[in-house]
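Written below as structure tokens is the structure these notes are about.
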Amino acid sequence: MTAGERHDDVDSKAATLYTQPENDLFIMNCDIDGDMENQVEMEEKTRLINQVLELQHTLEDLSARVDAVKEENLKLKSENQVLGQYIENLMSASSVFQTTDTKSKRK
């Protein structure tokens, strides 16, 4: 075996030595990437679930607020009716608000 042949033989062995671990490393990286993708997916799912739960709580709070405002609105409408009737009664009892016949005053 000549020096040139040894050099070629060493290079081919070196190539073989590095090729195999690189392929194994690639397979390991694929597994790690798969795990990382799963982890990213799980984190995204968790984030979305938390966001949905937060939105549900917000919706519940808003629904409760709408119900409270509806009740307050009904109460205020009722009070307005009572006050309106009271004002009408006061106006009808007062001579200032009595309708006058302008024709009879001119004659």
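Brief remarks follow.
- Test for Met28: is it at pLDDT below 65 and open to solvent by 90 Å² or more (accessible area, probe 1.4 Å): yes
- Residue within the range 80-102 that is assigned to a helix (DSSP H, G or I), at pLDDT 95 or above and open to solvent by less than 80 Å² (accessible area, probe 1.4 Å) present: yes
The values are calculated or read from the model by the stated rules, or taken from the named source; none is laboratory data. None of the values given here were measured: they were computed from a predicted structure. Side chains are part of the model used for accessible areas, which takes the heavy atoms of the whole protein and leaves out ligands, DNA and RNA. Shrake-Rupley method; radii C 1.70, N 1.55, O 1.52, S 1.80 Å.
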